[in-house]
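For reference, the structure is listed below as structure tokens.
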Amino acid sequence: MSLVCGTGVPVKPCGLPDAVSTAWDWIERMAAGVVFEQDGWAIQMAAEQWVRHGEYERLIADNSHDMDEFDRLVRAQLAVDRQLNALFDRLGLNPKARQTLRVPRESVSEPDEFERMLGGG
């Protein structure tokens, strides 16, 4: 399956917590040119999971002395990481996901001098 790269810019919802808003901005920049306007929900979910991942990192460090709590937190963080990786796949934010992207012809720039020299246009 291949995904067509997006041209829209998702609108960030109002009222996001500061950490989620910061994560949204980072994810949106990283996914520029790949996402559609309709992908806003996926960016929001990824931003929330990214913040949650960081919270688990801190909790794990603070609870490393309590093995039962440590084990519970590590398992929860792994679940968050699986969800985050799935969202990053959807948004084209890893090498394997980027291999399945198709860029619409109209969004391809004119070949530069080097590409023309190599026979690219």
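Read-outs throughout are calculated quantities, based only on the coordinates presented, and are distinct from any laboratory measurement. These figures come from a predicted structure and were not determined experimentally. Ideal geometry is used to build each Cβ from the backbone, glycine not excepted, and the neighbour counts take in all protein chains shown.
Our coupling estimate for segment 70-87, obtained by passing each phi through the Karplus curve with A = 6.51, B = -1.76, C = 1.60 and θ = phi - 60°, is 4, 4, 4, 5, 5, 5, 5, 5, 4, 5, 4, 4, 4, 5, 5, 4, 5, 5 Hz, Gly and Pro reported as x.
Comparing Cα centroids, segment 53-101 and segment 29-52 end up 16 angstrom apart. By other beta-carbon atoms within 10 Å, ranking Glu28, Glu57 with the fewest at the front produces Glu57, Glu28. A crude spin-label estimate for the pair Asp89 and Leu16, with each label 7 Å from Cα along the Cβ direction, gives 2.3 nm. Just add up the charged neighbours of Asp81: K/R +1, D/E -1, any other residue whose Cβ is under 14 Å from the Cβ of Asp81. Neighbourhood net charge equals -1. A crude spin-label estimate for the pair Val9 and Asp62, with each label 7 Å from Cα along the Cβ direction, gives 3.7 nm.
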